[in-house]
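S.K.: Structure provided below as structure tokens; questions to follow.
The values are calculated or read from the model by the stated rules, or taken from the named source; none is laboratory data. The structure presented is a predicted model; accordingly, all values stated were derived computationally and were not measured. Neighbour counts are summed over all protein chains in view; Cβ atoms, including those assigned to glycine, are modelled from backbone coordinates with ideal geometry. Heads up: the accessible areas ignore ligands, DNA and RNA and are worked out on the full protein's heavy atoms, side chains in. Shrake-Rupley method; radii C 1.70, N 1.55, O 1.52, S 1.80 Å.
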Amino acid sequence: MDVMDQRILQCLMIDGRAPMRRIAEVVGVSEQTAARRYRAMKQAGVLRVLVRETSVRADQRLWLLRLQCRPDAAAELGAVLAAREDVAWVALHSGGAELMCTTTLPADAACGTGVLPKLSNTSAVLSFAAYSVLHSYSGGPAEWSGFDRPLTEAEQRRLLDGREAQPRAVTYDSAPSEDRILLRELALDGRATAAALSRALGWPVSRVAAHLRSLIDNGSVDVDVDVLLEHFGHTASATLLIQVAPSLIGDVGEALSRHPQTSWVAAITGSANIAAAVTCRNSHELFHYVTGDVGPLTGVIHVEILPVLNRLKQAATRVINGRLEWPAAPALTNPLGRRGGGRGSRG
């Protein structure tokens with residue numbers, strides 16, 4: 001992917017539903033060229049624009065799970081986790097002997113609900129730790145901005161057509177039940193036009209536009225871009241687990257969220273009280289980022305670097321054979337929750 005593709009991607013990260021005409025004006029190409037480039041990246045499985053109900057709602061709790069696994073079973077277990085709707089992100093770490101994932105659970109869920117209790121009955125899991133996400137300082141691929149040629153402030157203003165970029169709130173209310181069918185259509189194509197959605201739903205175009213604008217404005221949904229950054233020259237990803245002096249967690253979290261290398265920063269429970277998802281061009285740049293940018297932050301006591309070997313799911317989109325695949329493949333027939341020695345009992 002070349003610089004032109006990167007600039008189109010940046011536009012989509014800022015406003016995933018921006019008209020292609022405006023994207024073309026900002027990038028400096030014809031609308032036909034911009035649309036062709038976008039379609040090529042989408043068909044190659046390297047990006048996907050998605051509109052989805054946010055995972056951090058007032059009635060939900062987000063958890064970060066760290067699983068020590070049998071190396072021969074970790075990938076298969078990761079695929080099973082990736083097939084679950086309540087798991088949004090899965091990555092294989094530590095040479096294939098460790099998995100990390102995020103999962104949601106209703107705030108009032110009874111004990112024994114969700115994926116957490118099933119892990120203890122899974123033979124592939126040797127041990128696991130669960131960290132409750134207390135506060136997210138940034139989230140979603142749109143927060144990552146480590147491009148070779150970032151858009152200028154003037155170009156960003158032109159893309160937004162005079163609107164201010166809407167900051168993410170801490171928690172959101174659930175989308176109204178009447179909008180579920182609209183969300184199902186948007187799950188297939190986050191850039192579907194109001195006219196296309198109108199035809200699919202049998203709603204007037206004005207109703208589609210009003211409901212979608214309401215969902216976005218009140219924060220019930222996120223408009224994000226899921227992207228495989230390795231196709232754009234950034235091949236070193238890692239999860240950082242950072243121990244910070246308690247009184248400075250807020251300062252460090254805010255500072256990390258402003259770094260272009262981070263796509264997600266959160267305060268979590270546990271001795272490592274901040275987690276950060278980081279992507280750099282290569283391991284050399286990752287080393288200098290940790291030692292030169294993260295380490296010197298006032299309050300940082302310890303940093304554990306967990307390199308990502310393979311991502312199996314990103315922002316609710318599965319990664320299969322190096323491609324973003326949507327709609328998601330069906331869940332594997334091998335469920336969580338069985339013990340035994342045969343191959344059929346793994347994960």
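S.K.: Do any GluC sites (Glu not before Pro) in region 7-104 lie in a loop, going by DSSP, with at most 13 other beta-carbon atoms within 10 Å of their beta carbon, and if so which? Walk me through the numbers on the way to the answer.
M.R.: Values: sites: Glu25, Glu31, Glu53, Glu76, Glu85, Glu98; in loops: Glu85.
Within region 7-104, the qualifying GluC sites (Glu not before Pro) (loop, at most 13 other Cβ atoms within 10 Å) are Glu85.
S.K.: Out of the total accessible area of region 27-102 (probe 1.4 Å, heavy atoms of protein only), what percent is carbon and sulfur?
M.R.: Summing carbon and sulfur atoms, their accessible area is 50 percent of the total for region 27-102.
S.K.: Let me ask something else about it. Regarding the chain, what is the average projected area of its C-alpha convex hull, in nm²?
M.R.: Its Cα hull, projected and averaged over all orientations, spans 17.9 nm².
S.K.: Roughly how many debye, to the nearest 20, is the charge dipole of the chain about its Cα centre, given +1 on each Lys and Arg Cβ, -1 on each Asp and Glu Cβ, and no other charges?
M.R.: With only Lys, Arg, Asp and Glu charged at Cβ, the dipole is about 980 debye.
S.K.: Give me the one-decimal nm value for the distance between modelled label points at Arg70 and Ser271, 7 Å along each residue's Cα-to-Cβ direction.
M.R.: Simple spin-label model gives 2.8 nm for this pair.
S.K.: In deg cm²/dmol, rounded to 500, what helix-only [θ] at 222 nm does the chain give when every DSSP H run of at least 4 residues adds -39500 (n - 2.57) and the total is split over its residues?
M.R.: -8000 deg cm²/dmol
S.K.: Using the Cα gyration tensor of region 1-136, with a ≥ b ≥ c the square roots of its eigenvalues, what is the shape: rounded (a/c below 1.5), prolate (a/b larger than b/c) or oblate (neither)? The partial results should precede the final answer.
M.R.: Working: a/c = 3.42, a/b = 1.96, b/c = 1.75.
The shape class here is prolate.
S.K.: Taking square-rooted eigenvalues a ≥ b ≥ c of the alpha carbon gyration tensor, is region 209-280 rounded, prolate or oblate, where a/c under 1.5 means rounded and, failing that, a/b exceeding b/c means prolate?
M.R.: Note, shape of region 209-280 comes out oblate.
S.K.: Can you work out the base-10 log of I(q)/I(0) for region 196-331 at q = 0.10, 0.14, 0.21 1/Å, using the Debye formula on its C-alpha atoms alone?
M.R.: -0.48, -0.80, -1.21
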